[in-house]
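I have placed the structure first, in the form of structure tokens, so that the comments after it can refer back to it.
Since every read-out is calculated from the coordinates, none of them should be taken as a lab result. Everything numeric in this text was worked out from a predicted model, so none of it was measured. We place every Cβ from the backbone using ideal geometry, glycine too, and count neighbours over all the protein chains shown.
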Amino acid sequence: MSDPDNTHADNGSDDQTFSMFGDAEMGAPKAGYEVLARKYRPRLFDDLIGQEAMVRTLSNAFETGRIAHAFMLTGVRGVGKTTTARLLARGLNYKSETADGPSIRLDPAGEHCTAIMESRHPDVLELDAASRTGVADMRDLLDGVRYAPASARYKVYIIDEVHMLSTAAFNALLKTLEEPPAHVKFIFATTEIRKVPVTVLSRCQRFDLKRLAPLELAKHLERVSAREGADVSAGGLALIARAAEGSVRDALSILDQALVQTTDGEAVSEAAIRDMLGLADRGRLYDVLEMALAGKAKEAAGETASQLHDGADPLVILKDLLDICADIAMAQVTGEEFQAAGPADWTERTRAMAQRTSAAQASRYWQILLSGYQDTQTAPDLNIAAQMVVLRLAAAAQLPSPEEAARMLIAHGGDAAGTAGKPERAGAQTDANESASPKNFTEIVALVDSHKEAILSGEVSDFIRPVSCSDNTLICDVKTGAPPNLLRRLADFLIEATDEDWDVLRSDEQADTETLKERRVRVRQEKMDAAADHPSVKAALNLFPGAELVDVQNEFADGQEDNVVPLDPKIAAKG
């Protein structure tokens, strides 16, 4: 792939230097300022960043003549779907003085390229499905399918946001898509691939355009800034790359905004971009995490409060801490190959924390932050909630790592670390919160109860239908109406309560088991039905007209109630 710097717009009039979707005529000077997102749009396949697999597939298809009749381009906003569609239309109809056939090598521009780029070629028809969704619009578009191209090799139909088409419009399209004429090609683009009928998808060659990684996007922004003669700090470019979430268009739009943060030719600082985006200071976030992981709760909470006082968004703080924690895990895996998407200082600090943290600890911290991020969104005071998450992180850092806990168990002959130094109780079993991890669902419920987690205990009893429990993994079905974060909260509790990794997963199929509440209701009803059929109860009910059976009590040990007839019914008269 060539350097993306090739995507800049020169001032000359050569056909090779136009902006792919510029509004000006080829070679004519631009009127007014051209935003970066338009100025640096790719005009050649080589200019596409991060889409090497797609370019390679198209190149091989064109060279071998195995060209599909329909293409589906999917991906998030700003990754180049529409740009790629128009490049593909050019490639299918490429013809120059030295080449006459489909090609991804579009330099120099062919005889049809200018008209296609300016959306005025009679054989390349575009439809925005977001504004024209009806079957009548589709029929109008397809009306000319039976006619041969006016001048190009193929008649190309580009339908953007194709998922917006109505069912009737899809049906109208499908017939043509099943048996298209040899001179017709379709190119579809969508951000919602799941909304496209499978009958349409199965007839297309699909390309998933990838998001750009923050590091790759930051490097591209650095090249664009250099082209623009702007000096933007590496930290600032990294912030823009992260804020863009993989979208090149979004990144260039934010960079456009950043370049006007100073008008005197001075460098655009990280602080200026951070203020523009409403972000927290990344360096100070490293400080918070380092303090928390060192168990310095007071210092970590104080620094968090200071950032909140300075105007940082509490959710952005937690999201950035999540990103740093994920970087720590990646640094543990990749070692010296790890590079943070920002200044060298970010990389050094991340690697240092990775060396001081075990893989299990990094996973635990990430889970705590993820849980805290989700809980903070519904908290009445977001600032306080964010500080509590940081305090929870500091508290978890003071616990022994899972590896250390395992060694302590072995060293103490299987006793839990929490029992060291405590007097032994002859003939007594250890409490649930002092033993090792629960082995079944009943023990999980007992552990929740022993920690007096009343809300969690009630929700587990009301909504979870256990399927299996083994190797610190609970697989279960969840009854309709359960809180959306119930399984995550139960997993977080088990991790914290047992100091071990736990997974609580939803079963792929509906379970045949009952929730604890359903079982209690069923067992009670069975007792009531059995008691109502007992001769003594029937006699009592007949003796007192209007009386009803309200409760049944047994004087048997736990576990026997399902196998005996209750003998102590409670009867009360109505009114």
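Overview of results
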{"quantity": "Average projected area [Cα convex hull, region 187-345], square nanometres", "calculated": "13.0"}
{"quantity": "A352 versus R105: modelled label distance in nm, points set 7 Å from Cα along the beta carbon direction", "calculated": "5.2"}
{"quantity": "Cα-centred dipole magnitude for region 214-277, charges only on beta-carbon of K, R (+1) and D, E (-1), debye, nearest 20", "calculated": "220"}
{"quantity": "Calculated P(r) of region 447-507 - Cα pairs past 13 Å, %", "calculated": "60"}
{"quantity": "Debye, to nearest 20: dipole size of region 245-338, +1 on Lys, Arg Cβ, -1 on Asp, Glu Cβ", "calculated": "300"}
{"quantity": "Over 20 Å [Cα-Cα, region 4-208], rounded percent", "calculated": "56"}
{"quantity": "A271-R284 pseudo-label distance in nm [points 7 Å out on the Cα-to-Cβ vector]", "calculated": "1.1"}
{"quantity": "Stretch gain in nm, segment R66-E222, where the contour uses 0.36 nm per residue and the Cα spacing is subtracted", "calculated": "52.3 nm"}
{"quantity": "C-alpha center-to-center spacing [region 324-399, region 73-142] in angstrom", "calculated": "45"}
{"quantity": "Proxy reagent accessibility, fewest Cβ within 10 Å first, across V260, V232, V76", "calculated": "V260, V76, V232"}
{"quantity": "Principal semi-axes in Å for region 124-178 [√(5λ), Cα gyration tensor, largest first]", "calculated": "20, 12, 9"}
{"quantity": "Which of T378, T350 has the fewest Cβ neighbours within 10 Å, and the rest in rising order", "calculated": "T378, T350"}
{"quantity": "Kirkwood Rh in Å, taken over all unlike Cα pairs in region 214-277", "calculated": "11.2"}
{"quantity": "Scaled radius of gyration (Cα, divided by 2.2 N^0.38 Å) that region 98-145 gives", "calculated": "1.51"}
{"quantity": "Low-density loop positions, GluC sites (Glu not before Pro), region 60-145 - DSSP coil, at most 11 other Cβ in 10 Å", "calculated": "E97"}
{"quantity": "Sparse-neighbour loop sites [chymotrypsin sites (Phe, Trp or Tyr not before Pro); region 135-175; at most 16 other C-beta within 10 Å; DSSP]", "calculated": "Y147"}
{"quantity": "Sites R194 and V523 - FRET efficiency at Förster radius 56 Å, r taken between beta-carbons, to 0.05", "calculated": "0.85"}
{"quantity": "C-alpha center-to-center spacing [region 193-257, region 258-275] in angstrom", "calculated": "21"}
{"quantity": "Residues D208, D471, sorted so that the one with the fewest Cβ neighbours within 10 Å comes first", "calculated": "D471, D208"}
{"quantity": "Cα centroid of region 499-551 to Cα centroid of region 32-65, whole Å", "calculated": "66"}
{"quantity": "Whole-number D in µm² s⁻¹ for region 48-96, Kirkwood Cα-pair radius fed into Stokes-Einstein, 10 °C, 1.306 mPa s", "calculated": "135"}
{"quantity": "Shape category assigned to region 119-249 from the gyration tensor of Cα positions, a/c cut at 1.5", "calculated": "prolate"}
{"quantity": "Inverse mean reciprocal Cα-Cα distance (Kirkwood Rh) of region 282-397, Å", "calculated": "14.0"}
